[in-house]
1. As a test question: what accessible area, to the nearest 10 Å², does Arg345 have when a 1.4 Å probe is rolled over all protein chains in place?
2. With a cap of 12 neighbouring Cβ atoms within 10 Å, and only residues DSSP puts in a loop, list the chymotrypsin sites (Phe, Trp or Tyr not before Pro) found in the range 173-233.
3. Work from the charge dipole of the chain (Cβ charges, +1 for Lys and Arg, -1 for Asp and Glu, about the Cα centre) and give the residue of Leu464, Gln189, Val694 farthest towards its positive end.
4. Got a sec to turn the phi values of the range 662-668 into Karplus ³J(HN,Hα) couplings, 6.51 cos²θ - 1.76 cosθ + 1.60 with θ = phi - 60°, whole Hz, x for Gly and Pro?
5. Using the Karplus equation 6.51 cos²θ - 1.76 cosθ + 1.60 (θ = phi - 60°), what ³J(HN,Hα) coupling, rounded to whole Hz, does each residue of the range 127-133 give in order, writing x for Gly and Pro?
6. Taking a 1.4 Å probe, which of Lys363, Lys475 shows the most accessible area, and what order do the others take after it?
7. If you work out volume of the Cα convex hull per residue in Å³ from the coordinates, which of [x] 176; [y] 200; [z] 257 do you get?
8. In the chain, if the dipole is taken from +1 on Lys/Arg beta carbons and -1 on Asp/Glu beta carbons about the Cα centre, which of Leu219, Met115, Thr166 is farthest to the positive end?
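The values are calculated or read from the model by the stated rules, or taken from the named source; none is laboratory data. The shown structure was predicted, so the numbers you read here are calculated from the model rather than taken from an experiment. Methodologically, a virtual Cβ is constructed for each residue, glycine included, from the backbone with ideal geometry; neighbour enumeration extends over all protein chains shown. Surface areas here come from the heavy atoms of the whole protein model, side chains and all, with no ligands, DNA or RNA. Shrake-Rupley method; radii C 1.70, N 1.55, O 1.52, S 1.80 Å.
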Amino acid sequence: MTRIALLLAGAALFAASPAPAQTAPGAQPTLFRAGEMAATAKEATAYPLFAAELKRVRREVDKSIRAGIVVPVPKDPGGGYTHEQHKRNYTAIYGAGLLYRITGERRYADYVRAMLLEYARLYPTLGNHPAASGERPGRLFWQSLNDAVWAVYAVQGYDAVRDMLTEADRATIDAGVFRPMATFLSAGQAAEFDQIHNHATWACAAVGMIGYTLRDPALVNVALKGLKGDGKFGFLAQIDQLFSPDGYYTEGPYYQRYAMLPFELFARFIEANQPELHIFQYRDGVLLKAIRTAIQTTYDGYFFPFNDAMPDKSLRTDELYQSVAIGYQATKDPTLLSIAEWQGRTTLTPDGLAVARDLAGGKARPFPFASQFLSDGPKGELGGLAIMRAGPGDKDQVLVAKNSAMGMGHGHFDKLSWILYDAGHPIVTDYGAARFLNVESKDGGRYLKENETWAKQTVAHNTLVVNETSNFGGKWKVGDKLAPKQLFWSSDARGTISTAEMAGAWPGIRYRRTLVQLPVEGGESPLIVDLLDVAGDKPATYDLPLHYAGQITDISFPLLSNTAERPVLGKANGYQHIWVDATGTPGADDAAVTWINDSRFYTYRMLPPAGASVILGESGANDPHFNLRREPMLIERVTGAANVQFVNLLEPHGNYDASEEKTTASRSRVKHLGHVRTADADLVTIDFADGGRVTLAIAFSADANAAHSASVDGRKLDWKGHFARFDAAKGN
């Protein structure tokens with residue numbers, strides 16, 4: 001059927017049978033009851049945030065109504081016309097259903113009816129999507145995940161108007177759209193449904209929400225407990241296995257954002273229909289913890305870009321508008337109101353009204369961003385994320401040590417990596433995913449092949465690389481069985497410290513990393529101390545990359561620059577994508593590279609191991625289709641060593657004022673970086689140009705009661721536990 005024919009057919013449907021006035025018994029909304037929505041309608045324009053959302057949704061849905069009923073035969077991958085039209089349709093169905101309940105205007109119910117009757121004609125005729133790839137084909141979309149998302153949104157719009165439809169229309173839509181869709185997403189894709197993964201979470205939510213709407217307990221049970229009903233899979237198993245006790249989602253912050261909506265929304269359906277299940281108290285309230293944890297894993301509102309992540313995803317997304325509203329309804333936590341205020345949006349539901357009402361009433365309190373360790377794994381046993389914040393604000397310096405588990409197929413080979421934000425900007429960066437989401441010209445919006453050849457590879461991250469290979473031989477299923485061990489975590493006035501260890505990423509290699517966020521008097525932001533200790537069973541080549549954002553302003557050691565040609569560093573495992581711009585061999589004393597980002601300078605001071613070299617490079621080699629961002633990096637390289645320690649210091653300093661053409665403190669305050677290894681500890685000394693000194697003592701043991709003693713330059717140091725800090729004033 002042509003698009004014009006679809007428009008005409010849809011218009012005829014829309015005009016021929018208006019929704020009846022009566023309310024059908026047993027078909028009332030299952031999520032937000034008529035009484036709740038009627039009460040919401042009375043206050044719909046009373047509070048600015050909700051009134052703005054009502055205006056926005058009305059504008060978008062009215063635009064869709066004017067466009068007519070357009071339900072094309074699926075053809076295109078992500079970003080293509082049919083893909084985007086079906087997305088517009090589910091958004092319009094959802095919005096129109098809510099508008100009908102709030103405004104009482106019949107045309108919105110009529111629109112939902114007409115659209116779903118057209119889908120009831122199309123959906124039974126569909127097989128696998130023609131642009132499908134891999135083993136997870138959808139019908140309306142190129143992958144079944146998108147079909148589940150369509151169902152999650154569309155069934156809410158249907159639920160809102162279902163009681164106003166004739167019995168015949170309900171039967172047609174039930175049998176033509178939602179029941180076969182629930183069957184397809186569950187039994188029709190059993191291997192996709194009965195697994196522990198965000199795809200299955202969306203499918204479980206879709207099937208369960210359809211089950212409640214159609215009054216089908218069997219569908220609800222399948223959604224909750226899996227196809228066999230034994231609880232090994234299904235929604236409850238997803239909650240059990242995908243979240244740590246701290247509410248951290250195993251696929252990382254980006255996918256935690258994405259998974260929040262099906263988890264929280266389906267839980268809201270469960271709470272509304274089976275309150276006896278106490279779903280928001282399940283596993284010590286982990287779904288409510290997960291909302292706060294998702295917010296904690298952001299900087300200036302943007303999610304930490306670990307694993308297969310897009311750097312432009314923030315709290316301003318429908319998944320988090322919904323989650324914040326649901327979380328506030330369940331907890332009345334006033335700090336969530338400040339997040340809603342930052343978002344500038346809420347939902348067109350009673351939950352969203354509560355947010356808008358209490359925000360207008362001045363009840364918001366600042367969200368408590370804080371340094372914390374978020375455990376990973378169902379029992380918190382698989383490492384975790386160490387978040388080090390220099391202050392309570394969401395723009396203060398944040399250092400994040402990624403000591404978490406693999407994150408399944410969306411995980412990267414980046415054990416014990418780290419990133420840094422400072423002064424409102426990413427400074428030490430993570431590439432995230434090689435993907436242009438929903439950009440049709442970039443492989444239909446799918447993950448690009450460079451996601452495998454570059455973004456996931458270990459050298460694309462800020463962590464150890466052995467013999468130019470990646471963790472676990474680049475096999476994620478191997479990596480999923482092994483995780484780092486968090487040995488120590490502390491945050492107090494001395495600094496914030498994380499120590500973690502990884503064994504098994506490469507055969508015969510164990511490495512331990514301590515990262516310290518170190519406040520110092522007079523510093524613009526804390527210093528970052530990085531101690532990486534590598535123990536191997538035979539000589540190897542060790543690389544330590546640092547991916548940074550900024551323009552180099554100074555290098556303290558001689559370089560051999562490649563000006564006539566631009567060689568490539570290697571042939572595989574990400575090295576084939578690195579251009580080598582220069583190499584250098586620092587002397588025995590510490591070496592430094594300084595760059596500027598916006599108005600601040602950053603000096604990366606290295607204490608190079610014997611024989612180490614430094615490579616200055618950039619991503620983008622062997623990239624004929626320009627799929628990769630061009631980003632700078634430096635790599636410390638040691639060849640022919642079995643055991644080695646990398647000791648590095650990152651110092652934010654100075655200011656450049658472009659308006660006044662004035663530069664201050666562009667040179668490092670640090671005079672010298674030193675390292676001494678004793679029988680049971682590492683001692684790192686930082687000498688400042690003004691004569692002050694800070695010494696950090698990092699014991700091999702994490703035992704809090706173990707006593708240690710060492711001497712540095714004739715000064716005896718005694719301490720207990722894993723970490724100590726000793727400050728010496730000028731002249732001492």
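1. For Arg345, solvent-accessible area is about 60 Å².
2. Numbers: sites: Phe178, Phe184, Phe193, Trp202, Tyr212, Phe233; in loops: Phe233.
Passing both the DSSP loop test and the Cβ count: no residue.
3. It is Gln189, whose Cα lies furthest towards the positive end.
4. 10, 10, 10, 6, 6, 9, 4
5. Here the 3J(HN,Hα) series is x, 4, 4, x, 9, 5, 9 Hz.
6. Working: Lys363 105, Lys475 130 Å².
Sorted by accessible area, descending: Lys475, Lys363.
7. Matching entry in [x] 176; [y] 200; [z] 257: [x].
8. Working it through, the farthest residue towards the positive pole turns out to be Thr166.
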